[in-house]
Each structure stands twice: as structure tokens, then as C-alpha cells.
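The values are calculated or read from the model by the stated rules, or taken from the named source; none is laboratory data. Being a predicted model, the structure only gives us computed values, none of them experimental. Positions of Cβ are generated from backbone atoms using ideal geometry, with glycine treated the same way; all protein chains shown enter the neighbour counts. All accessible areas refer to the heavy atoms of the entire protein, side chains included, with ligands and DNA or RNA removed. Shrake-Rupley method; radii C 1.70, N 1.55, O 1.52, S 1.80 Å.
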Amino acid sequence: MKRFILSVLTVLALGGMLASCGSTLKLKGEEPIMNTGRPEVIDYQGLALGSAVPDWVIAIGDGSEKRVRKSLDIPNSKQIFILQNKGNDLDFLKAWTDQVDARAEIASSVEQTIAQTVQSEMEVRQADQQVKTKAAKIYSATMTNVTLNGLSKEDYYWIKTRTPKVDVKNPKLATDYNYEYTYYVVYTLDKDLYERQIKQAMDDVEDNDDQTVFLKDVLSEKLMSTILLPEEEDISFNYVPVETSYYDAK
């Protein structure tokens, strides 16, 4: 009899625990779902004329320098630099990017390329962190002083996007979205001129460390081959016409 009573009590206790867990799970499932929708293009340069968004703009979002070059018909004899800035005031955004921020942004891209190259090359050689940090600082400081004379603006473009606010589950009203402009600019520089500026800057680097002196050649080659594109962006162009990509058409 005692065993029976204990068994019944055990079953009742387990039932209570399961019921408690069930109610907890149910409550957790009823928490509001935060919206993580991607930005949607709702306006863009040339909309009034019925123009399509050019492929080079979409290629920037995809991180494809090759498509940018192909779309804008930029020869391989030129180095490409891509700027991308965001904001709520389009006029200010354009003025700031074109007149103030261009060289700073390009210098930042050069510095980022140097930092990543130094990190990867020194890891292969199993250098300690102090050596990596010192090398990155030496070369970044020198390359920041490169003036990049001869820059030429190839093209520019802007788009306007809307993104559902994070606390809105089913956006319907205009107030349910955040709005933002993205301004893109593509600059080029004659590769021979760019190479001379890179070489001059590297010649000024005082690096006599046996562990890092090889970086002069490695970084020179890396900076001539590519400058980092802006990070890839997941933007929806579903509501606007887009130019057919050369690579999609093949």
C-alpha cells in the first residue's frame, strides 16, 4: 500500500513538473517576434526617367569588383576605389563623400588591407602578437600618408531604402519603417601612377627587422591587386527594375 501511494505521488509530481515546463515553453513562445527584415529599395537615382538600377551598384552590394569594372567599362590599367556612405540627408551625404571623405575612406581601405595582410602573413610565420602589431602600425602609418594624386571619379549613384523597425511584426504604415540613403562613388587611378606612389611610400618605411622586412614586397603586391570593397549587403531590389547583369545574361 505504501509503495502504491509513493508511486501515485511520484506520478503526480512528475505531472506537475511537466505541466510547469509546458507552461514555461508556451509563455516563451508567445514573446513578440522581432522583425529582422532586410532593406528594400524604394527610390533611386533615375526613377523619374524609368531607368533601371545599374548593375555596378548591385555588384558593389555583392562584393564583385570584376562586375563593377565590367559594368563601368573600366580598363585593367586603372585601379578601382569604391566608396559607400549612408545617411538620412542625401545632399549632405553627397557633399561629404565627394568633398571631404573620399581620400579618408580610401586611406581607411588601404589601412584595412594592410592590417589583414600583415595578420595573415605573420600568422603563417608564427610571429608573436607584439611583432604583428608593430608591423601593422609601421606600414599603416606610412601608407596613410599616400596622397593618391590623380584620382578620377568614374560614376556615382544613390538609392533610398526602407527597413522594418525591429519592434514591428507586420509593417504596413510608413511609420513602421526606418528610411536611409546609400551613396556610392567609384574612383579610379592610373595603375602606373598608383604603383609609383606605393613604391615611394614603401621606400620610406624603416623596417630592418628580419622577421618583417619581407612585408614590403608582399604588401606592395597586395595593394596593387585589390583594395577591399565595402562589406557585402543584403538589399532587396524586388520592387525596382534592375539592369541585367553581364554574368546573368551569359
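Taking the stretch 201-227, which residues are within 25 Å of the chain's Cα centre (by Cα) and assigned to a helix (DSSP H, G or I)?
First pass over the stretch 201-227, keeping only residues within 25 Å of the chain's Cα centre (by Cα): 218-227.
Correct list: Val218, Leu219, Ser220, Glu221, Lys222, Leu223, Met224, Ser225.
Condition test on Lys132, is it assigned to a helix (DSSP H, G or I), among the charged types (D, E, K, R) and modelled with pLDDT under 90? Let's see the steps before the verdict.
Values: assigned to a helix (DSSP H, G or I): yes; among the charged types (D, E, K, R): yes; modelled with pLDDT under 90: yes.
Spelling it out, Lys132 is indeed assigned to a helix (DSSP H, G or I), among the charged types (D, E, K, R) and modelled with pLDDT under 90.
Among the residues in the stretch 127-149, are any within 24 Å of Pro241 (Cβ to Cβ) and in contact with a helix residue (DSSP H, G or I) (Cβ under 7 Å, 6 or more places away or on another chain)? No, because not a single residue in the stretch 127-149 is within 24 Å of Pro241 (Cβ to Cβ) and in contact with a helix residue (DSSP H, G or I) (Cβ under 7 Å, 6 or more places away or on another chain).
Kindly provide the set of residues from the stretch 157-200 that are part of a helix (DSSP H, G or I) and open to solvent by 10 Å² or more (accessible area, probe 1.4 Å), ordered by number. Spell out the reasoning first.
Initially, the stretch 157-200 is screened for residues part of a helix (DSSP H, G or I), giving 174-176, 191-200.
Within the stretch 157-200, Ala174, Thr175, Asp176, Lys191, Asp192, Leu193, Glu195, Arg196, Gln197, Lys199, Gln200 qualify.
Residues in the stretch 170-217 that are within 27 Å of Ser152 (Cα to Cα) and among the aromatic types (Phe, Trp, Tyr): Tyr181, Tyr183, Tyr184, Tyr187, Tyr194.
In the stretch 148-167, the residues that are modelled with pLDDT under 95 form Cβ pairs under 6 Å with partners that are in a loop (DSSP other than H, G, I, E, B) and open to solvent by 40 Å² or more (accessible area, probe 1.4 Å), at six or more places apart or across chains, as follows: Val166/Met34. Tell me, which residue of the stretch 213-239 that is within 17 Å of Glu111 (Cβ to Cβ) and among the polar types (S, T, N, Q) is least open to solvent (accessible area, probe 1.4 Å)? Step by step, filter the stretch 213-239, then rank; the result is Ser220. Within the stretch 118-144, residues that are within 20 Å of Ala107 (Cβ to Cβ) have Cβ atoms under 8 Å from residues that are open to solvent by 60 Å² or more (accessible area, probe 1.4 Å) in these pairs: Ala136/Gln119; Ile138/Glu206; Ser140/Glu111; Thr142/Asp204; Met143/Glu111; Thr144/Glu111, counting only partners at least 6 apart in sequence or on another chain.
Residues that are surrounded by fewer than 18 Cβ atoms within 10 Å (Cβ to Cβ), assigned to a helix (DSSP H, G or I) and charged (D, E, K, R): does the stretch 147-154 have at least one? Among the residues of the stretch 147-154, not one is surrounded by fewer than 18 Cβ atoms within 10 Å (Cβ to Cβ), assigned to a helix (DSSP H, G or I) and charged (D, E, K, R), which makes the answer no.
Show me the helices (runs of 4 or more DSSP H) entirely contained within the stretch 38-98 in which 3 or more residues are open to solvent by less than 60 Å² (accessible area, probe 1.4 Å) and within 22 Å of Ser225 (Cα to Cα). Break it down stepwise before answering.
Values: elements: 55-62, 65-71, 90-95.
Where helices (runs of 4 or more DSSP H) fall fully within the stretch 38-98 and carry at least 3 residues being open to solvent by less than 60 Å² (accessible area, probe 1.4 Å) and within 22 Å of Ser225 (Cα to Cα), they are 55-62, 65-71.
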